[in-house]
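One structure is given below, encoded as structure tokens.
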């Protein structure tokens with residue numbers, strides 16, 4: 001089986017014709033950005049606990065299908081995983097979103113949202129949020145996607161072309177207790193960022209490629225991995 005996370009790997013269904021037509025409809029104009037002009041905005045990787053807190057404190061919650069896995073069905077990961085809260089949920093559930101690629105919007109409660117979060121985390125999806133300001137607080141995030149490298153246009157592209165350290169941010173990173181680690185390799189399979197690998201039967205870890213998603217933490221059989229603040 002091909003390594004779907006190696007640099008430059010592409011799927012046959014990447015950017016299918018239907019998806020390109022949708023993009024063309026939404027983005028009708030190209031904008032030239034002058035040199036030396038800074039654009040604010042970032043893609044933030046969130047831990048399970050961070051998203052759980054966002055959901056728990058939400059006044060309104062929406063659930064929609066993932067546009068990326070709808071358009072690029074390269075895996076069998078869960079489809080209904082995109083969660084909006086508060087003002088974003090209001091917009092998703094309103095008529096204002098017509099024609100702007102919102103897939104099967106539904107209003108849900110906290111318990112349902114937490115079950116969706118748990119399901120997507122167990123499936124190995126990375127929780128991500130697009131923010132317009134690098135200083136935005138986690139509690140102000142109003143939309144969370146659960147992404148995979150094989151379908152997500154953002155996460156997949158950044159991983160394939162080695163751009164994650166330049167385009168992604170996070171509040172956490174993982175650390176491993178070498179004394180407790182038994183080099184089982186489960187965390188290697190769970191890591192979407194390529195931060196973990198097995199070399200000559202021993203675990204290696206590149207902290208520069210870790211974004212604290214916590215997928216390795218929840219499945220470590222010896223509890224050797226924890227998340228810490230960056």
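Side notes on the structure shown:
- Residue 226 assigned to a loop (DSSP other than H, G, I, E, B), in the same structural domain as residue 177 (by TED's automatic domain parsing) and surrounded by fewer than 20 Cβ atoms within 10 Å (Cβ to Cβ): no
- Any chance residue 210 is closer than 16 Å to residue 46 by Cβ and out of contact with any helix residue (DSSP H, G or I) (no Cβ under 9 Å at 6 or more places or on another chain): yes
- Within this structure, residue 194 fails the test of being more than 15 Å from residue 84 (Cα to Cα) and either modelled with pLDDT of 90 or more or within 14 Å of the chain's Cα centre (by Cα) (or both).
- Hits in the stretch 67-87 (condition: out of contact with any strand residue (DSSP E or B) (no Cβ under 9 Å at 6 or more places or on another chain) and closer than 22 Å to residue 141 by Cβ): 87
- Helices (runs of 4 or more DSSP H) fully within the stretch 134-200 counting 2 or more residues that are in contact (Cβ under 8 Å) with a residue 24 or more places away in the chain and in the same structural domain as residue 46 (by TED's automatic domain parsing): 153-160, 164-167
- Enumeration of residues in the stretch 176-203 that are within 26 Å of residue 43 (Cα to Cα), surrounded by fewer than 16 Cβ atoms within 10 Å (Cβ to Cβ) and touching a strand residue (DSSP E or B) at 6+ places or on another chain (Cβ under 8 Å): 197
- So residue 129, is it in the same structural domain as residue 67 (by TED's automatic domain parsing) and surrounded by 18 or more Cβ atoms within 10 Å (Cβ to Cβ): yes
The values are calculated or read from the model by the stated rules, or taken from the named source; none is laboratory data. This is a predicted model, so every value here is computed, not measured. We place every Cβ from the backbone using ideal geometry, glycine too, and count neighbours over all the protein chains shown.
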